[in-house]
Amino acid sequence: MSDTAEKFGKSEKSERPETSEGTEGFEGSEGSERAEGRGGLEGIESEARERPLWVEVPARRPRLPDPVRTAAVRAVLVMAVTVLMALVAFLLTMAKALLAFPAVIAAVAGIVAATWAVLDVWVTRQVWNQRHGVVSEPSSTARRLRRERRATRRQERAAEREFGRIRRRSGQPAGMA
């Protein structure tokens, strides 16, 4: 047992109830009342030793591959510069300055470059998926439609077989209608 647990007659296992993470340490919260009951700072220190510094939360989506992430960062930077150039061109045009025309031309070139950068992200992602064997599975709707078509064909074949059996029983050849 730890010294603090022996001192207060507590077992090694924490018996404290779950509290919301954001309220520990604030006045009036359960955490501060317990800390004062244990002896001020000593209780807070032991509580801090029990609780991890942070908790790993798994990401919702997997991280982008490095080449795709690089292209995406590049595209965001190009778009930011393009927006800035468009703003400067707009302000110079409103002020009827001599540099308005070159600024507009630069803004149009920036829009072309930003479009190219976004397409680069898309192409890089497609190439990475193709080269690194990302499995492409059909969507659930495609699977469902295929299943329905197969079931329909099975029913048609079963109906043809049954129709053939009925004709043979009645004495007519199966091929004649």
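Key figures for this structure:
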| item | result |
| --- | --- |
| Residues (under 30 Å from ASP66 (Cβ atoms) and either at pLDDT below 95 or not β-branched (Val, Ile, Thr) (or both)) located in region 80-119 | ALA80, LEU84, MET85, ALA109, GLY110, ALA113, ALA114, TRP116, ALA117, LEU119 |
| Residue within region 120-130 that is open to solvent by 100 Å² or more (accessible area, probe 1.4 Å) and at pLDDT below 95 present | yes |
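The values are calculated or read from the model by the stated rules, or taken from the named source; none is laboratory data. Predicted model only: the values in this text are computed from it and were never measured. Neighbour counts are summed over all protein chains in view; Cβ atoms, including those assigned to glycine, are modelled from backbone coordinates with ideal geometry. Ligands, DNA and RNA are excluded from the accessible area calculation, which covers all protein heavy atoms including side chains. Shrake-Rupley method; radii C 1.70, N 1.55, O 1.52, S 1.80 Å.
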